[in-house]
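Comments concern the structure below.
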Amino acid sequence: MKVLVYGNGGREHALAWKLSKSKLVKQLFFVNPNPLMEPLGQTISASSFEELAGKSKAMGISLAIVGPEAPLVKGIADILESYGVATFGPHKAKAWLESSKAQAKEFNFRNDIPCANSVTVDDFEDAKKVISEFKSPYVLKSDGLTGGKGVSIVENFDDALNEIQSMLEGKFGDASRRIVIEEFLKGEELSVLCLYDGETLLPMDFSRDHKKLMDNNKGPNTGGMGAYSPVMLTGKQRESIFEVLDKISKALKKEGIKYHGVLYVGMMITEEGAKVLEYNVRFGDPETQTLMVRLKNDFGEIVNATMKGCLKDIKLEWGEPSNTLVIASKGYPFSPAKGVEIAGINEAREVTNVIIFGSAIVRKNGKLVSNGGRVLNVVATGKYAHKRALKFAELLKFDAKFYRTDVEERYL
Ligand code: AMP
Ligand code: GLY
């Protein structure tokens, strides 16, 4: 089959890399790929979803996999499917589990799915009353999409009020004109990416993202600075995670929320058990990078089973542990240095035996340069994975490089 992978970051590069090894995939297509993923497929130029759908159909593309959330929320799946291109990812009307944190919380409350207590507000005076009922630290979440940057955790009451005011006044545009004020949950985070075919919710092996910018979980939230998989958990923790997934699966059925793609459940593993932090209706970044290198199954077959509603017949198999390090550009997540040259990728890769996925990187006058915050993903598997990923980062010639050094499963 001919497959379009939509999106051009590390997640999509990893999906394309894995699909390129599938015996079912004849050819891959991309829109505006990063220069490191470009050789894996053919580029289609399109300036609208309609144009892309028309060209995809004409080129015989039978399947599209959409990486990022924004195009799904804007309805890319609706348009591609109206042209006969089956799409991995929900239609616009089914994307609210990710696009509205307030609605996602209502879904949890209606269905008795464990999560933090919360109240949704859109008025400053109401927010003031609500927040006095909560204890520090105060968790303030923009309702809409913010690329992972719209959550603030604030210790001081007055700072929280200031933050609420600035959010309601549009700090994140319309996304923060409504906010969720939430109880702070203590614990360790877990990413549970599930394939979903409308009936079966099939969890992939667990991974752990690191959302804070700096070591020891300091600094602002980011889109993700690194991940590893598997995650060491006790039997009791695993049991509680599966109980939550079972409740989610039943709730999806009860509410008739059906689509073909991924339901990513972000969890906090607390002393009382697993609780849901958020839902995404697509693959996670950088969790996907760390999972694709471990997945032993033919990914084309998995995607086909997801599209055809046959996930109940699939058994996922996983290889050695993996470790993913995000090389960011200094200034991220606020104003990353752009246009800074990146050299020595191949040399450093050969020494350290790692896989590199490109992200915010472009070619300019024949040279690779940074073009945003998260520039490269270094993925190592097997023995000394974390050390080898760090060694790569050290050897890489990139003056603006910035990365975390503590993204490691210490119990392995
Ligand atoms: P979210 O986009 O809802 O996953 O939030 C982004 C990040 O904020 C999460 O990955 C957590 O690190 C943190 N976070 C969100 N909600 C809470 C909470 N209720 N308690 C503690 N940390 C949270
Ligand atoms: N790694 C977090 C996300 O993809 O939303």
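The values are calculated or read from the model by the stated rules, or taken from the named source; none is laboratory data. In this text, all values refer to a predicted model and were calculated from it rather than measured experimentally. Counting neighbours? That spans all protein chains shown, and the Cβs are built from the backbone with ideal geometry, glycine included. Note: areas computed on protein heavy atoms with side chains; ligands, DNA, RNA excluded. Shrake-Rupley method; radii C 1.70, N 1.55, O 1.52, S 1.80 Å.
Out of contact with any strand residue (DSSP E or B) (no Cβ under 9 Å at 6 or more places or on another chain), surrounded by fewer than 24 Cβ atoms within 10 Å (Cβ to Cβ) and assigned to a helix (DSSP H, G or I) - does that describe any residue in the stretch 10-26? No, the stretch 10-26 contains no residue that is out of contact with any strand residue (DSSP E or B) (no Cβ under 9 Å at 6 or more places or on another chain), surrounded by fewer than 24 Cβ atoms within 10 Å (Cβ to Cβ) and assigned to a helix (DSSP H, G or I). Residues considered: K135, K55. Of these, the only one that is basic (K, R), more than 16 Å from ligand 2 (Cβ to nearest atom) and part of a helix (DSSP H, G or I) is K55.
Yes/no per residue for (1) under 19 Å from H13 (Cβ atoms); (2) touching a strand residue (DSSP E or B) at 6+ places or on another chain (Cβ under 6 Å); (3) of a type outside the set (A, V, I, L, M, F, W, C):
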| site | (1), (2), (3) |
| --- | --- |
| A328 | yes, yes, no |
| P336 | yes, yes, yes |
| R349 | yes, yes, yes |
| V354 | yes, yes, no |
| F357 | yes, yes, no |
| R363 | yes, no, yes |
| R374 | yes, yes, yes |
| H386 | no, yes, yes |
| F402 | no, yes, no |
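Filtered by the rule that a residue be under 24 Å from the mean Cα position of the chain (by Cα) and either within 16 Å of ligand 1 (Cβ to nearest atom) or over 26 Å from L195 (Cβ atoms) (or both), the stretch 45-71 gives S48, P68, E69, A70. Restricting the stretch 211-223 to residues that are within 13 Å of ligand 2 (Cβ to nearest atom) and charged (D, E, K, R), the residue that is nearest to L291 (Cα to Cα) is K211. Of everything in the stretch 256-301 that is within 16 Å of ligand 1 (Cβ to nearest atom) and more than 30 Å from V375 (Cβ to Cβ), the residue that is most open to solvent (accessible area, probe 1.4 Å) is E271. Pairs meeting the criteria (first residue in the stretch 364-384 and in a loop (DSSP other than H, G, I, E, B), second residue basic (K, R), beta carbons under 6 Å, at least 6 apart or on different chains) are N371/K338.
Quick check on K141: is it part of a strand (DSSP E or B) and among the basic types (K, R)? So K141 fits the description; yes. Exactly one residue among K253, K186 is over 23 Å from V303 (Cα atoms), away from ligand 2 (no atom under 16 Å from the Cβ), modelled with pLDDT of 95 or more and outside any strand (DSSP E or B), and that residue is K186. Would the stretch 344-359 turn up any residue that is touching a helix residue (DSSP H, G or I) at 6+ places or on another chain (Cβ under 8 Å), within 16 Å of ligand 2 (Cβ to nearest atom) and either touching a residue at least 24 places away in the same chain (Cβ under 8 Å) or aliphatic (A, V, I, L, M) (or both)? For the stretch 344-359, residues touching a helix residue (DSSP H, G or I) at 6+ places or on another chain (Cβ under 8 Å), within 16 Å of ligand 2 (Cβ to nearest atom) and either touching a residue at least 24 places away in the same chain (Cβ under 8 Å) or aliphatic (A, V, I, L, M) (or both): present. Scanning the stretch 280-305 for residues that are within 20 Å of A70 (Cα to Cα) and polar (S, T, N, Q) yields N280, T288, Q289.
Considering the stretch 192-210, the residues that are of a type outside the set (A, V, I, L, M) and not in a strand (DSSP E or B) include one that is nearest to ligand 2 (Cβ to nearest atom), namely H210. Can you confirm whether the stretch 63-73 contains a residue that is assigned to a loop (DSSP other than H, G, I, E, B), surrounded by fewer than 18 Cβ atoms within 10 Å (Cβ to Cβ) and either in contact with a strand residue (DSSP E or B) (Cβ under 6 Å, 6 or more places away or on another chain) or at pLDDT 95 or above (or both)? Within the stretch 63-73, not a single residue is assigned to a loop (DSSP other than H, G, I, E, B), surrounded by fewer than 18 Cβ atoms within 10 Å (Cβ to Cβ) and either in contact with a strand residue (DSSP E or B) (Cβ under 6 Å, 6 or more places away or on another chain) or at pLDDT 95 or above (or both).
To keep it simple, each residue is scored yes or no on (1) in contact with a Pro (Cβ under 8 Å, 6 or more places away or on another chain); (2) open to solvent by 70 Å² or more (accessible area, probe 1.4 Å).
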{"position": "F134", "(1), (2)": "no, no"}
{"position": "G144", "(1), (2)": "no, no"}
{"position": "I153", "(1), (2)": "yes, yes"}
{"position": "F157", "(1), (2)": "no, yes"}
{"position": "S166", "(1), (2)": "no, no"}
{"position": "F172", "(1), (2)": "no, no"}
{"position": "V180", "(1), (2)": "no, no"}
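Every condition in (1) more than 16 Å from ligand 1 (Cβ to nearest atom); (2) open to solvent by 20 Å² or more (accessible area, probe 1.4 Å) holds for T306 except the one numbered (2). Exactly one residue out of A380, A360, A343 is open to solvent by less than 10 Å² (accessible area, probe 1.4 Å) and either within 18 Å of M37 (Cα to Cα) or modelled with pLDDT of 95 or more (or both): that is A380.
Six or more apart or on different chains, Cβ under 8 Å: which pairs go from a residue in the stretch 14-40 that's on the phi > 0 side of the Ramachandran plot to one that's part of a helix (DSSP H, G or I) and surrounded by fewer than 22 Cβ atoms within 10 Å (Cβ to Cβ)? Could you list them? From residues that are on the phi > 0 side of the Ramachandran plot, there are no pairs. Between E278, E320, E341, the distinction of being touching a strand residue (DSSP E or B) at 6+ places or on another chain (Cβ under 7 Å) and within 16 Å of ligand 2 (Cβ to nearest atom) belongs to E278 only.
The residue that is most open to solvent (accessible area, probe 1.4 Å), counting only those in the stretch 186-244 that are free of Cβ contacts under 8 Å to residues at least 60 places away in the same chain and aromatic (F, W, Y), is F242.
The residues in the stretch 224-250 that are more than 16 Å from ligand 2 (Cβ to nearest atom), among the polar types (S, T, N, Q) and within 30 Å of L390 (Cβ to Cβ) can be counted, and the count is 2.
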